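Contents: one structure, followed by commentary.
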Amino acid sequence: MTKFLILLLFPLLLSAQQKTDAFKKIIFHTSMCFGRCPVYHLQIENNKKVKLYAEHVYKQDENGKAVEDSSRIGYFTGNVDKQLFNALIKELKKLNLDSVKLDGPTCCDGSVTSMIMYYRAKRRAGKSMIPAQEMRTVIAILSQICQSPELKRSKERFVIEEEKEASTAQPAETKPVKPKAKPKTKPKPKSTAK
């Protein structure tokens, strides 16, 4: 009987695992704007693990003025809510990750979102203040994850990967940089003056 149940449930377990094959890891950043835009640095992995550095987060005070919310600023870790994670997977599966537009205008006074996606042994990155229409729901879900009350404050400080230059190309192979040797200097002759 047990073997029968295992055989029956195995395809279900396998299909549940395949839901996370839409991506390996997503890095998401938001920038400051000429106003009170939250600044988030998020890393989400396909196993639902999240790291978040919330650099600037705002709330309204009793007078309706935007003030920093220190309770939501700092380092946070945890797991993505199942409903949000499934919504993210659903939206990513609608996209052609190889060709979806990630780059766009970065001028003016709005917050710039940047994203690095790792999927199927590939890496794509881009940034834009006005994201492509097909990416807006993904960005909205990632923003909701940043605001998730399920994430817990972490004592550990960490760095979320940043994209130096928006590019959709594979990163160039890097080699370790060797420090330059100090030039040898000739010893100064001893003075024979008395």
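The values are calculated or read from the model by the stated rules, or taken from the named source; none is laboratory data. The structure displayed is predicted, hence computed values, not measured ones. Because the Cβ atoms are built from the backbone with ideal geometry, glycine has one as well, and the counts that use them run over all protein chains shown. With ligands, DNA and RNA removed, areas are computed over all heavy atoms of the protein, side chains included. Shrake-Rupley method; radii C 1.70, N 1.55, O 1.52, S 1.80 Å.
Mind checking whether some residue in the range 79-98 is in contact with a strand residue (DSSP E or B) (Cβ under 9 Å, 6 or more places away or on another chain) and either more than 23 Å from Q133 (Cα to Cα) or without any contact (Cβ under 8 Å) to a residue 24 or more places away in the chain (or both)? Yes: one or more hits. Suppose the filter is farther than 17 Å from H29 by Cβ, of a type in the set (D, E) and open to solvent by 70 Å² or more (accessible area, probe 1.4 Å); does E150 pass it? Criteria met by E150. Of everything in the range 32-41 that is open to solvent by less than 50 Å² (accessible area, probe 1.4 Å) and either at pLDDT below 95 or in contact with a Gly (Cβ under 9 Å, 6 or more places away or on another chain) (or both), the residue that is nearest to V80 (Cα to Cα) is C37.
Among the residues of the range 154-185, those identified as surrounded by 15 or more Cβ atoms within 10 Å (Cβ to Cβ) and modelled with pLDDT of 95 or more are S154, I160. Return yes or no: is S148 part of a loop (DSSP other than H, G, I, E, B) and of a type in the set (S, T, N, Q)? Yes, satisfied.
In the range 52-73, the residues that are closer than 21 Å to H29 by Cβ and modelled with pLDDT of 95 or more form Cβ pairs under 7 Å with partners that are open to solvent by 40 Å² or more (accessible area, probe 1.4 Å) and part of a helix (DSSP H, G or I), at six or more places apart or across chains, as follows: A54/R72; V57/R72.
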